[in-house]
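The values are calculated or read from the model by the stated rules, or taken from the named source; none is laboratory data. Quick caveat, the model's predicted, so the values are computed rather than measured. When we count neighbours, we look across all protein chains shown, and the Cβ atoms used for this are built from the backbone with ideal geometry, even at glycine. Heavy atoms of the whole protein, side chains included, go into the accessibility calculation; ligands, DNA and RNA do not. Shrake-Rupley method; radii C 1.70, N 1.55, O 1.52, S 1.80 Å.
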Amino acid sequence: MYRFTLRGAVNMIKPVYNVLTAGIDHHPASSSYFATTAPAADIDQNYERAVAKLNTLQSNYSALQDSIKLKHQNESKHINDTEKFLDRIHISSETLNRLAVIHVAGTKGKGSTCAMVESILRFNGYRTGFFSSPHLVSVTERIRLNGQPIEKECFVNHFWKIYNQLFATQQDNNDMPTYFGFLTILALDVFLASKVDVAIIEVGIGGRYDCTNVIQKAPVVGITSLGLEHTKLLGDTLEKIAWQKAGIIKNGSDVFTVEQPAECNREIERECLRKKAILQIVPSSLEQFHWEEVPSMMMKHRNKSTELNVSLAVRIAIHWIRNTRPSLLPPMKHMIPAKIVQGIDNCFWPGRLQVVQYAAQRTLFLDGAHTVDSIKPI
């Protein structure tokens, strides 16, 4: 068993992508995820300039340290700032509310769950937007349209439009978004301009005071497995962690979560009661679903954490389809149709429980962990 640093894993990943087999036509994510299309030189230069300028904004680490200092003083700062900056680029709360959003928080597996939800909905014909963090190779990975990182040209156009507007209206030298805050704004701008059918938004840190919680309307909310993390900011007990995560629950939203420790369940239930939201706890095993076709992952590489993520993703996606395009689902309410399974089997989420076959019948297993508990053998 070998463990690598993130940078070491990324260096291993890059050459591996050259030997990945191409995906099917309507699944662009796997076939050209890190492909380059030799764009015009000015696009490359503008992109590098944009990334360089982005890197001058307050870093995630610095923003986190400031948040810890502001704890119990101005904890809504990131949301208030994001709202202010959106208003400056003429995205009002009314405009933002037009975006159909699935908002997901959690300690473990929130990115994987979001990726699975996105893949399932895309395979069922939805035009998808997906905002996640962090990225492995390119910052464009954080903002995806139909499963694919946005093109450099798209990134450049939206970046400079937003940056120039915010720079021209800043009140002082510190009156600009953080690195993560800027990308949140950029993602929302891209999704609105692209008129996506659904935007899957992954929380950055926590939830209640995360800048993604500028979203006031999300019909569906997901909360993945919870555990102790970022305790200096979020709190040093499971109850405090759960209170932070449950903060993304909106008024009247449908909330899906996995089986949690009792103290976490109580906090989530309390928030649902306060917001008049409906809570559903998803099955802990994929064996509890009735499959039209069995997902390939049930026949190989079984993992408890992955099963929880898939179970949550399936329930979220099916609920979304039932409320928006019910004709896509079979008359038998409890049957999971083949299109859902296609989305599961073709979900491409590099560096997370990824199995890659390459040169001379070698197999590379790639995974990452957010907490100490996650990296322990099951």
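The alpha-carbon of residue 161 sits under 17 angstrom from the alpha-carbons of these lysines, leaving out residues fewer than 8 places away in its chain: 53, 84, 152. A straight chain from residue 127 to residue 172 at 0.36 nm per residue would run longer than the Cα-Cα distance by 12.3 nm. Placing a pseudo-label 7 Å from each Cα along the Cα-to-Cβ vector at residue 354 and residue 49 gives an inter-label distance of 3.1 nm.
Qualifying chymotrypsin sites (Phe, Trp or Tyr not before Pro) in the stretch 152-201, where qualification requires a DSSP coil assignment and no more than 13 other C-beta atoms within 10 Å, are lacking entirely. In sequence order, the stretch 189-198 has phi-based couplings of 5, 4, 5, 5, 5, 7, 6, 5, 6, 8 Hz under the Karplus curve 6.51 cos²θ - 1.76 cosθ + 1.60, θ = phi - 60°, and Gly or Pro positions carry x.
Computed from backbone phi with θ = phi - 60° and the Karplus coefficients 6.51, -1.76 and 1.60, the 3J(HN,Hα) list for the stretch 48-55 is 4, 5, 5, 5, 4, 5, 4, 5 Hz; x is used for glycine and proline.
Among the protein heavy atoms, those of residue 290 account for about 110 Å² of accessible surface (1.4 Å probe, every chain in place).
Each residue, residue 228 and residue 153, gets one label point 7 Å from its Cα in the Cβ direction; the gap between the two is 5.1 nm.
Size descriptors for the stretch 118-217: radius of gyration and Dmax over Cα atoms are 13.9, 47 Å. All C-alpha to C-alpha distances of the stretch 248-320, sorted into 5 Å bins beginning at zero, yield P(r) values of 3, 15, 23, 22, 16, 10, 8, 3, 0 percent in whole numbers.
The protection proxy used here, the mean number of other Cβ atoms lying within 10 Å of each residue, ranks peptides 214-223, 240-249 as follows, highest first: 240-249, 214-223. Relative to the current alpha-carbon distance between residue 273 and residue 60, full extension at 0.36 nm per residue lengthens the span by 73.4 nm. The eigenvalues of the Cα gyration tensor, multiplied by 5 and square-rooted, give the stretch 267-378 an equivalent ellipsoid with semi-axes of 29, 21, 12 Å from largest to smallest. Of the trypsin sites (Lys or Arg not before Pro) found in the stretch 305-354, those in coil by DSSP whose Cβ has at most 15 other Cβ atoms within 10 Å are 333. Once you treat every alpha carbon in the stretch 78-144 as an equal point and sum by Debye, what is log10 I(q)/I(0) at q = 0.12 Å⁻¹? The computed values of log10 I(q)/I(0) come out as -0.42. If you take every DSSP beta bridge whose two residues both sit in the stretch 237-368, what share of them, in percent to the nearest 5, is antiparallel? The antiparallel proportion sits near 45 percent. Phi angles across the stretch 124-137 convert, under the Karplus curve 6.51 cos²θ - 1.76 cosθ + 1.60 with θ = phi - 60°, into 3J(HN,Hα) values of 9, x, 7, 7, 10, x, 8, 10, 9, 7, x, 10, 8, 10 Hz, Gly and Pro given as x. Using the Cβ-Cβ distance between residue 194 and residue 237 with R0 = 45 Å, the FRET efficiency computed as 1/(1 + (r/R0)^6) comes to roughly 0.65.
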